[in-house]
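Taking it in order: structure first as structure tokens, then the write-up.
The values are calculated or read from the model by the stated rules, or taken from the named source; none is laboratory data. Given the structure is predicted, the values throughout are model-derived calculations rather than measurements. FYI the Cβ positions are ideal-geometry reconstructions off the backbone, even for glycines, and counts take in every protein chain you see. SASA here: full protein model, heavy atoms, side chains in, ligands and nucleic acids out. Shrake-Rupley method; radii C 1.70, N 1.55, O 1.52, S 1.80 Å.
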Amino acid sequence: MNNINDLEKKYIELLLSKCIYPKHKSLFISYDKNNIDFIKKLIKIAKVYGFENILLEEKDVVLERQLLNQLTVDEIKIHPYFYNQTWNNALDKKCAFLLASTTFPNFFCDIDHKKMIAANQAKSETRKKYIESVMNDSISWTIFGLPNKLWAEKLFPDDSNSYKKLEKLIYSFCMIENNNPIDKWNQYIDIENKKTIFLNKLNIKQIILQNNLGTNLNIGLANNYIFRSLEKEHCIENIPTYSIWTTPHKYIAEGIVYGSMPITYGNYNIEDYWFKFSNGKLIDYDAKIGKEYLDDFFSKGDSYKHLGEIAIIDFDSPIAKTQMTYNNNLFDENISTHLAFGSAYQNTIKNGVNMNQNELDNVGCNICPEHMDFTIGTEDLVIIAKTYDNKFIPSGSYKTLLITIGKGKGNNFWTLLYPEYYRVEFEESNEIEYRI
């Protein structure tokens, strides 16, 4: 194909053959106008792959800024750029969703926050069915990253090669530079599945999070929870993904948690924030930057004030190793352990996708029209798992531990699963120790 390089071709093939499952005939692609050249190549290859119907949503960050400046709050809420049925139409046509994620740092920083909130509310209102379909695992969807000039210059200032550097990083995070990225992802998925099998055997009841920022939070896990990771016969929801996740119990969370990096939500950032919980519900919070956006989010109802996800990230994930913050949730949530407010993934509950809302509530699974991730992992984060038989994992001193779940920007926990380096000893006592 003309004007397409090898890495672009590999990336597109990965998106179309690995990230979409099961096989679809219809495809929905959402993207920003800045990435149109890549999208044109994606569309051409998608047609070769047999996608008969391709629906597009082209966003235009420049136009969006103009509209936000020109329109009133009430006009924004009903303007077709913000309030439209594009995503619902794609659902009706049984499309697989490919959603391109790109960030424009500070592009909207001078826009009235009330207008930003109105725009986000309009978009959220028309995507409720999509969120519901995502959470009940009834559609194939993938969020993938694409670079843009403004984002690249923010990450690599005064560097004439900034765009290529960002592009190369994205390809690296997605294993595109390997000879066969699909095989590489299959190998990685095999490793991740071993981790989830192990975690699901531990019979965990609660997870305790602690660090020197002040985090001291005890979270219960939903009844009949399942730790999940990537699976070969399932869509890759985010590419890249370096986490293992499950559902917290919506009525069991006590304590306080501090964020470790900005929340990127919509086109704005929320920074230096903390959240306090009692009986699973948010009871107090603050943020030095963007608190007004939290105020809006939590004002929408009680379901927005409960947790819907806990995701544990490897401390040495490829993204974490760069020691950079990307101001893009697709990448930042893969740097270290994170939580989420709002809707939970029903496929992290045994038989959850077949439960009605009352049944999900009874097992502690939160249902909400939105889902907002926030990162909490730090170098000194410790995660302690308490089992139903009152054992604590890990236990003992740090010098003798093979692992500390969460020690170091995510979790040394996963070294437990690499027998070529470590062995595990389960002692006959009320404590479990993992030793080198």
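Listing for the model above:
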{"item": "Bridge type composition, the chain - antiparallel percent by DSSP, nearest 5", "result": "70 percent"}
{"item": "Nearest 10 degrees, 0 to 90: helix 61-70 Cα axis against the chain principal axis", "result": "80 degrees"}
{"item": "Contour minus Cα-Cα distance for residue 128 and residue 379 (0.36 nm per residue)", "result": "86.7 nm"}
{"item": "Packing-based ranking, highest mean first, of 182-189, 48-55 given that Cβ atoms within 10 Å are counted", "result": "182-189, 48-55"}
{"item": "Histogram of C-alpha separations across the stretch 122-228, 5 Å bin width, %", "result": "2, 9, 9, 10, 12, 15, 20, 15, 6, 2, 0"}
{"item": "Accessible heavy-atom area order of 175, 324, highest first, probe of 1.4 Å", "result": "324, 175"}
{"item": "Carbon plus sulfur fraction of accessible area for the chain, probe 1.4 Å, in percent", "result": "47 percent"}
{"item": "Mean separation of Cα contacts under 8 Å (6+ apart) over length of the stretch 7-96, as relative contact order %", "result": "39 percent"}
{"item": "Cβ-derived FRET efficiency at R0 35 Å, residue 160 paired with residue 26, nearest 0.05", "result": "0.30"}
{"item": "Relative compactness, the stretch 298-348, computed as alpha-carbon Rg over 2.2 N^0.38 Å", "result": "1.35"}
{"item": "Ratio of the Cα radius of gyration of the stretch 235-278 to 2.2 N^0.38 Å, where N counts its residues", "result": "1.49"}
{"item": "Lys, Arg +1 and Asp, Glu -1 on Cβ, resulting dipole of the chain about Cα centre, debye, nearest 20", "result": "800 debye"}
{"item": "Of 31, 247, 325, farthest towards positive along the dipole that unit charges on Lys, Arg, Asp, Glu beta carbons give the chain", "result": "31"}
{"item": "Estimated 222 nm signal from helices in the chain, with DSSP H stretches of n ≥ 4 weighted -39500 (n - 2.57), rounded to 500", "result": "-8500 deg cm²/dmol"}
{"item": "Residue 188 versus residue 114: modelled label distance in nm, points set 7 Å from Cα along the beta carbon direction", "result": "4.5 nm"}
{"item": "Spatial separation of Cα centroids for the stretch 36-111 and the stretch 339-362, in angstrom", "result": "29 Å"}
{"item": "The chain, relative contact order [Cα under 8 Å, separation at least 6], %", "result": "14 percent"}
{"item": "Contact order normalised by residue count of the stretch 295-361, Cα under 8 Å, 6+ apart, percent", "result": "38 percent"}
{"item": "Size descriptor, Kirkwood hydrodynamic radius, that averages inverse alpha-carbon separations across the stretch 90-141, Å", "result": "13.2 Å"}
{"item": "Cα gyration tensor shape for the stretch 210-270, rounded if a/c is under 1.5, else prolate or oblate", "result": "oblate"}
{"item": "Solvent-accessible ranking of 112, 159, 74, largest area first, probe 1.4 Å", "result": "74, 112, 159"}
{"item": "Diffusion coefficient, µm² s⁻¹, Stokes-Einstein with Kirkwood Rh over alpha-carbon pairs of the stretch 31-154 at 25 °C and 0.890 mPa s", "result": "153 µm²/s"}
{"item": "Size of the chain as Cα extents on the principal axes (Å, biggest first)", "result": "64, 49, 49"}
